[in-house]
Amino acid sequence: MKKAAGYIITIILLINFICIHTVQPVLAADTENYTVRIGLVSTYGDVNSITIKNSSVVMGYETDGSFVENMTLNSTDGFTVVPDNSYCYGSVMVYDSYEAVISVLSGFKTGSEYLIPAVQGNGAYRIYISADSAVTAATLAASLEAEGKVKFEAVANEAKYRMKMTWSEGSLLIDVDSSNLYPQFMAGSVNEAGVRVIDLGERQYRGRMEIGRFGGSANLTAVSVVNMEDYLYGVIACEMVPSWELEALKAQAVCARSYAYAIDKRNVVFGADNGYALYDTTRSQVYKGYGFETEKTNQAVDETRGQMIYYRENVVKAFFYSTSGGHTANCEDVWDVPLTYFRGVADNTELHQEKAPWIAVRTKGEIASALSEDGINIGTINGFSTQIRSESGRIYQLKVNGSNGTTLLLKENISSTFSLPSTKVKIIKYGDVPDRVVVQGDDETVEKQISTSYIISGNGNIAMADSSLEQYIVISDDNLTNFPKTSPADADTFYFAGMGYGHGVGLSQSGAQSLALQGYDYEYIIHHYYNKVEIR
C-alpha cells in the first residue's frame, strides 16, 4: 500500500458465495469416526437414472453407525438404478441372500420374465412378481401358488420408494418403506492411491453411496455417506482457492468441520423420507468429491483433524462466506437471533479477493417485476429510502416508493428480491452527484470528488478508473467504503453499488487469506471472526 497526499486509497477485488441458514449450536461429541450424509443434489439430485461405473461394488447396510456388508456384485458395464413403479407381489418366504433367491428362480418356467429378486430395507430377500398391471401380477401369483411353486402376497410397501438396479449379470428390486434406510454401495477394490472411490461418472466420491427416492420422490438422489475428514477433503478445495495460504485453508477446514457437524448432528434420524441433512451446494457447503481434492487442501484438513469451534460446551455452526466488504455483520443484522460469538468486526485488511466491487443495474420495470414475484404491487417505482443501516454498512430496512404506495423490505429480503450479492450496498439514482471523500493532508483538509482523480491501488499502480461503473474503495480504521464513480444516465435506471459477497456473518474467506498473507495462523484468523470461542 502507498501513501499519497496524506491519505490512503485502495481498490479492492472481491469474491463469491454462500449460505442461507438458521442459527443454533449443538452439543459436542467425539468425531474421530463420525460419518456424515450429503445429498448430491447439484449433479445427482432428482434424476431418473444413476449409474455406478465401478466394476465391483459391495452392498450393505448401515447399522448403529457401522457398515455391515451384505454381498459383492460384479459387472462389466456398471450398475444402473432407476425408479420402479410396477405392480408387485412378494413371496411369503423370506431368504437370507440374493444367491438363495437366484437358486429358487432357476426352477421357474411359468412367468419367469416377471420374476425378480428383491431386497427389503432390513437386508431380507424375497421373490417378487413385477408387472405393468395389478391384474397381471395377481393372476401370476395365483397361478404359481396353484402349481405349488411359491406362495405370494400383495406387497405392503408403497411403490413410491421402490427402485430397480440392473447390471450385465443380473437385476434387483430395492423395496423399502419410509422407516428404512436404503442399501449402500462401496467400491469393491481400492484405486492406485489405495482409496475406495465410488465412480458416478461425472464425479467420484470416497466412502459409500446411498441412492434413494427420498420422501417418496418420483426420481432419485444420490447420498454420499463418508467419514467427516474424508468429506472435508472434497469441501475445502471447492470452498477456497486451493493455492491460497495454508493457514487460511486450515481456518476454513475448522469452520467447515464445525458447520457440518452442527448441521448433521441435529438430524441424526434418517430414513427413506429424510435421507440427508447436508447438501453439496452453497445451501450447506460446496462438495464435489475425490476428483477435486488437492494435496494442499488435504494437508489443511489433516493438520486440523478433529478440531472444531466451541462456544462453552457447544459446537458452533460456523457460518462463512466469500467476502465481507470491509466489515462483518452481527448475526441479528442478517437473521433474528443475537449470538455472542457472531459479532461484527472491522475487516479492513480484506485486500485479496477474487471479484471486484459490484454494481447491479436495475430498471424500474425490473424492480417492479421482482417485487411482483413476491406478491408486492406498488405500481411504478419512484425511488428508495434507506430506513436503517447496520454498523457494518449493510441495509437493515429499505423503503421502496411506488405510484400506488410503499413497501418495506427487511434484511436478507433485500438481497434476494433484487438478486444482490450482499446488502452492503448504496442505491444511486439519476441526477445523484457522485460521493465526495474527505482528503486529509499535512496542511489542510479538503473534500474532493474522486471520480476524476488518479487512484493508487493496493499493488502500487496509479491509474484512473477504466469504466463508468467502477467504484473506489477507501480504507478507514473500522470499514471499507465504496464510492461509485457515476450516476445513471436516465431516470428509468438505478445503480445498486455494493461490496461483499454473502451474508457477512462469521468468517470471510477472502479476509482469512488476507490475514494469512500477513503471517497470522489459523487460530488467530478464527478468533478474529468468531467472538469468545475456543478451538478444541
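The values are calculated or read from the model by the stated rules, or taken from the named source; none is laboratory data. Just so you know, these numbers come straight off a predicted model, no measurement behind them. So basically every Cβ, Gly included, is an ideal-geometry build from the backbone, and we count neighbours across all protein chains shown. Side chains are part of the model used for accessible areas, which takes the heavy atoms of the whole protein and leaves out ligands, DNA and RNA. Shrake-Rupley method; radii C 1.70, N 1.55, O 1.52, S 1.80 Å.
Just read off the accessible area of residue 92 with the full protein assembly in place, 1.4 Å probe, to the nearest 10 Å².
Approximately 70 Å² for this residue.
How big is the accessible area of residue 446 in square angstrom, nearest 10, if you roll a 1.4 angstrom probe over the protein chains?
Ignoring ligands and nucleic acids, residue 446 comes out at about 60 Å².
What do you reckon, how do 282, 445 stack up by accessible area (1.4 Å probe), largest on top?
Numbers: 282 55, 445 85 Å².
Largest accessible area first, the list is 445, 282.
Quick check for me: using +1 on Lys/Arg Cβ and -1 on Asp/Glu Cβ, what's the dipole size of the chain about its Cα centre, in debye to the nearest 20? Could the numbers behind the result be given before it?
Working: 42 positive and 62 negative charges, 144 e Å.
That gives a dipole near 680 debye.
Run through all the Cα pairs of segment 30-82 and give the fraction in each 10 Å bin from 0, expressed as whole percent.
Bins of 10 Å from zero give 19, 36, 39, 6, 0 percent of pairs.
Quick one: pull the percent of accessible area on segment 95-254 belonging to carbon and sulfur, 1.4 Å probe, ligands and nucleic acids left out.
Of the solvent-accessible surface of segment 95-254, carbon and sulfur hold 46 percent.
For segment 200-332, what percent of Cα pairs sit more than 25 Å apart?
29 percent
With every protein chain kept in the model, how would you rank 305, 394 by accessible area, 1.4 Å probe, largest at the top?
Details: 305 105, 394 10 Å².
Accessible-area ranking of 305, 394, largest first: 305, 394.
Return the Rg/Rh ratio of the chain with Cα-based radii and a Kirkwood Rh.
Dividing the radius of gyration by the Kirkwood radius yields 1.09.
In Å³ and rounded to a whole number, note down the convex hull volume per residue for the Cα atoms of segment 35-180. Walk me through the numbers before you get to the answer.
Numbers: hull volume 18.0 nm³, N = 146.
Taking the convex hull of the Cα positions in segment 35-180, it is 124 Å³ per residue.
Mean Kyte-Doolittle of at least -1.0 plus a Cα span of 24 Å or more along the axis: flag which DSSP H helices in the chain meet both, please. Present the calculation step by step, with values, prior to reporting the outcome.
Values: long enough: 246-265 (28 Å, 0.17).
Span-like helices here: 246-265.
If packing is taken as the mean number of other Cβ atoms within 10 Å per residue, what is the order of 227-234, 64-71, 176-183, highest first? Intermediate values should be presented prior to the final figure.
On the way: 227-234: 23.9, 64-71: 11.9, 176-183: 19.1.
Peptide ranking by packing, descending: 227-234, 176-183, 64-71.
At 1.4 Å probe size, with no ligands or nucleic acids counted, give the accessible surface of residue 238 in Å², nearest ten.
Roll a 1.4 Å probe over it and residue 238 shows about 40 Å².
In what sequence, largest accessible area first, do 151, 532 appear using a 1.4 Å probe? Walk me through the numbers before you get to the answer.
Details: 151 115, 532 150 Å².
The ordering from most to least exposed comes out as 532, 151.
Please sort by residue number the GluC sites (Glu not before Pro) in segment 147-219 whose DSSP state is loop and whose Cβ has at most 16 other Cβ atoms within 10 Å. Kindly include the intermediate steps, with their values, before the conclusion.
Details: sites: 147, 153, 158, 169, 192, 202, 210; in loops: 147, 158, 169, 192, 202.
The qualifying sites are 147, 158, 169, 192, 202.
Suppose only helical runs count, i.e. DSSP H with n ≥ 4. What mean residue ellipticity at 222 nm does that imply for the chain under -39500 (n - 2.57) per run, divided by all residues and rounded to the nearest 500 deg cm²/dmol? Can you show the working numbers first?
Details: 11 runs with 103 residues, N = 536.
Taking each H run of at least 4 residues, the total per residue is -5500 deg cm²/dmol.
Calculate, for the chain, the solvent-accessible area per residue in square angstrom, rolling a 1.4 angstrom probe over the heavy atoms of the protein chains.
Working: 22670 Å² over 536 residues.
About 42 Å² of surface per residue is accessible.
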